[in-house]
Amino acid sequence: MKILRKLVLLAVALACAGAAGGLAATVAAYLYVAPELPSVETLREVQLQVPMRVYTRDGRLIAEFGEKRRTPVSYEQVPAQMVQAFTAAEDDRFFDHPGVDYQGLLRAAIGLLLTGEKRQGGSTITMQVARNFFLTPEKSYIRKIREIFLSLRIERELSKEEILELYFNKILLGHRAWGVGAAAEVYYGKSVDELTLAETATIAGLPKAPSSDNPITSPDRARARRAYVLRRMLELGHISEPEYDEAMAAPIAARLHGPTVALDAPYVAEMVRAEMVERFGAADAYSAGFKVTTTLDSRLQSTAVTALRDALLAYDSRRDYRGPAGRVSLPADGDAVTLIDVLGDFPSVANLEPALVLQVGDEAAQVFLASQGMAELSRPALTWGLANLIEDQEEDAELLLAVPGEVVSPGDVIYVRRDDEGLWLAQVPEVQGAFVSVAPEDGAIVALTGGFDYYSSKFNRAVQARRQPGSAFKPFIYAAALEHGFTPATIVNDAPVVFRDAALEDTWRPENYSQRFYGPTRLREALVRSRNLVSIRVLSEIGIKRAVEYLESLGFESDRLPRDLSLALGSISLSPLELATEYSTFANGGFRVNPYFIQRIEAADGEVLYSADPLWVCADCELLDAGQPLPESTDPCVLEHKVIAAEQAAPRVLQEETAWLIVDMMRDVVRRGTAARANVLGRSDLAGKTGTTNDFRDAWFSGFNDRLVGTVWVGFDQERPLGPAEVGGTAALPAWIDYMRVALDGVEESTRLTPPGLIRVKISPESGLLARADDSDAIFEIFRVGQIPEREIEDPIDLFNSPELDSEEEESQPLF
């Protein structure tokens, strides 16, 4: 008994010594790593790397920028089934242990004793959170010790739900998807609450090896991991046998999904990206989770994109067909997978899809499209420019149809476009264009597209391309004339004029587009008919110096204004956005506004970091000085109260009477002039001006009503002629019409009250003077009260006695 008692005491002493030694070792280890352990409190304020997202003003996503795809979710947003799937796969005792699973650690220790190798093991979800946020993934004893103590600290200070929320947002799940929200979008194009059991289990199987086990890279490995997760869920009682069987039988149907962009606006998205990098730096711009709301209207933007593309395709259809985009050898094995692979080298461009010609018959060609498989192109669909042929010919349309074999051959890769009537032969246009639409009351850009297809050419022609606007610039010259003594009825001689300069070997002999001369012409009629020679004479009469000073007051940059008479024909270079902004001055009654495209910038937590504060147009508002209280309103300009803070009021740059007169003249351009095609819209409140430059190199139309301005440019990047008759009214105006048809649908026509300083009287259309009482041809014209003309006398006024001008005359300089 004495020996037995001594043995028991010895065992107890050894156990106590061992426990004391273990405790001492534990305390020593903690004291060693404790100074290096980060504060858990930082987890409560953690800034996840979230990409920047860009939206329209009505909340539609147009772009996402950032290296990491992440869509943060709260614990409450994560379905219970996803929680069960992840805990079953990664840590089935998560809700029971204190942050460290000692059983798992024991397994790892036994593995070390048996094999002599350090192996991963015993890593709980809490330990993964500690490692992902604070530690490196290296496998070492010291890192493991830090991980254990940090996990215990995390469990003391955070709830299980908070820990899971951090885990669900931080874990890498393959293909740049960080967190379960991003993984659901990347693999299935869904939110987490829309996933099936099979999809949830597939995602839950990814943390072990996200690069190799994901369903895109290796469907078989993903299927095996999914089976493991489902089996564990079944064993733990999370799912039933029927649910297990159904999920196991489901196919691995994942595919890569980009951000769920709802709108085609990449040119504006790039403008936003550049601005955000300029404001915040690249690192924060791409990872701080900014939400940028633009001024774009999703309906108007999609309409502008479609309208411009249709106009460019219509122009292209008036030119020759250039042939197939490529030729390939038809594969012997013509299954869909092989044919899709053949088309892989030919990307879709805008709304055009590549198609492989397989067979050609007398009445149709059989083609293959990756998006739908087999399709047929009939003779009408293969007849290039069919609509133009039918319009130009009076003969039977059947005789105009192409013979399929003369257009395409088996092995051709062609492009097709799709409309309500089916597929049509197409080609990627070589011509380019731009469309900008601006709200004239504050300069907000509501629609912008800088080319046919951003992904083929990222050059933003709407803001980066400066081209001569041609006759689209004439309204500014005429506005200058109206403020320097001219009236809409002033007679100017439309006659030949020659400019000489001793330094030149040649002379400048400007012409009208028609190459005809029309003699004495009223100013209104000259603008309606876009008479070049009248514009030149008007500018010469005003004086180039005075005209330039006036244009500077409207907002044009002085150093970009040519100091010669070519300015009358639009020889200044402007971007479409610049021209649209200047036309806003006409649309809003004479006020200068500045264009802007960012409405609001918010931080990831919703804090508003920036809100646009544009100048507003309120013609009849009372201006309040700084310090004067504004009536309560959500509108910063309080326009409904007819008051506005002085610093927010857009400055008037055109006299009210001048603005009214020039817009009225430009309405006649639409009613009966070079833009008469726009009458198809059936509205009386539209105004605008076409523009065409020398040799048909640029085609423009800029038009508006008091709610919306739209500017279209069509031309080649490397300047060359568009072709005979490709004027602004033909190449550019159709896009504007298509846009306004949608933009103004349901919008009441606006009425313009005549300013008090204007009066309407009858004049002779020939002389521009007050009509005689017996003049049956008299027409109404509007004048300033102090500029009413006299009764008709003999000959109309001619501003020039000689058709020949010398370049040495004051203010006159040669074009070349």
Filter result for Tyr315 (at pLDDT 95 or above, assigned to a strand (DSSP E or B) and within 30 Å of Ile737 (Cβ to Cβ)): no
Does Ala182 fit the bill of being touching a strand residue (DSSP E or B) at 6+ places or on another chain (Cβ under 6 Å), modelled with pLDDT of 85 or more and buried (at least 18 other Cβ atoms within 10 Å of the Cβ)? yes
Restricting segment 253-280 to residues that are open to solvent by less than 30 Å² (accessible area, probe 1.4 Å) and in a loop (DSSP other than H, G, I, E, B), the residue that is farthest from Ile216 (Cα to Cα): Ala265
Considering only residues that are surrounded by 23 or more Cβ atoms within 10 Å (Cβ to Cβ) and more than 15 Å from the chain's Cα centre (by Cα), which ones fall in segment 290-311? Phe290, Ala311
Report, by residue number, each residue of segment 195-213 that is charged (D, E, K, R) and outside any loop (DSSP other than H, G, I, E, B). Glu199
Consider Phe780 against the criteria (1) surrounded by 14 or more Cβ atoms within 10 Å (Cβ to Cβ); (2) in a strand (DSSP E or B); (3) at pLDDT 90 or above: it satisfies all of them except one. Which criterion is unmet? (1)
Residues of segment 214-223 satisfying the condition of being in a loop (DSSP other than H, G, I, E, B) and over 16 Å from Leu172 (Cα atoms): Ser218
Among the listed residues Pro756, Pro765, identify the single one that is part of a loop (DSSP other than H, G, I, E, B), under 22 Å from Ala659 (Cα atoms) and not β-branched (Val, Ile, Thr). Pro756
Answer yes or no as to whether Gln468 is of a type outside the set (Gly, Ala, Ser), out of contact with any Leu (no Cβ under 9 Å at 6 or more places or on another chain) and in contact (Cβ under 8 Å) with a residue 60 or more places away in the chain. no
Selected residue (criterion: most open to solvent (accessible area, probe 1.4 Å)) from residues of segment 499-548 that are in a strand (DSSP E or B) and modelled with pLDDT of 90 or more: Pro520
Residue set Glu162, Glu243; condition open to solvent by 70 Å² or more (accessible area, probe 1.4 Å), out of contact with any Gly (no Cβ under 7 Å at 6 or more places or on another chain), modelled with pLDDT of 95 or more and farther than 25 Å from Phe65 by Cβ; output residue Glu243
Condition first: over 49 Å from the mean Cα position of the chain (by Cα) and either modelled with pLDDT of 85 or more or on the phi > 0 side of the Ramachandran plot (or both). Can you find one or more residues in segment 124-138 that meet it? no
Here is a list of conditions, (1) closer than 19 Å to Phe586 by Cβ; (2) surrounded by 23 or more Cβ atoms within 10 Å (Cβ to Cβ); (3) not β-branched (Val, Ile, Thr), and Leu565 meets all of them except one; can you say which number that is? (1)
Mind checking which pairs have a first residue in segment 319-333 that is within 15 Å of Gly344 (Cβ to Cβ) and a second that is loosely packed, with under 15 Cβ neighbours inside 10 Å and β-branched (Val, Ile, Thr), Cβ under 8 Å, 6 or more apart or different chains? Pro331/Thr338
Considering only segment 87-103, how many residues are closer than 12 Å to Leu236 by Cβ, open to solvent by 20 Å² or more (accessible area, probe 1.4 Å) and not charged (D, E, K, R)? 1
Restricting the search to segment 461-478, which residues are in a loop (DSSP other than H, G, I, E, B) and either buried (at least 22 other Cβ atoms within 10 Å of the Cβ) or touching a Ser or Thr at 6+ places or on another chain (Cβ under 6 Å) (or both)? Arg461, Ala462, Val463, Ala465, Arg466, Gln468, Pro469
Quick check on Val407: is it more than 20 Å from the chain's Cα centre (by Cα) and more than 30 Å from Arg760 (Cβ to Cβ)? yes
Collect the residues in segment 752-771 that are in contact (Cβ under 8 Å) with a residue 60 or more places away in the chain, closer than 24 Å to Phe704 by Cβ and open to solvent by 20 Å² or more (accessible area, probe 1.4 Å), keeping them in residue-number order. Arg752, Thr754, Gly757
Val438 passes all but one of (1) modelled with pLDDT under 95; (2) under 30 Å from Phe586 (Cα atoms); which number fails? (1)
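The values are calculated or read from the model by the stated rules, or taken from the named source; none is laboratory data. Predicted, not measured: the structure shown is a model, and the values here were computed from it. All Cβ positions, glycine included, derive from the backbone under ideal geometry; neighbour counts span all protein chains shown. In case anyone asks, the SASA skips ligands and DNA or RNA and just uses the protein heavy atoms, side chains included. Shrake-Rupley method; radii C 1.70, N 1.55, O 1.52, S 1.80 Å.
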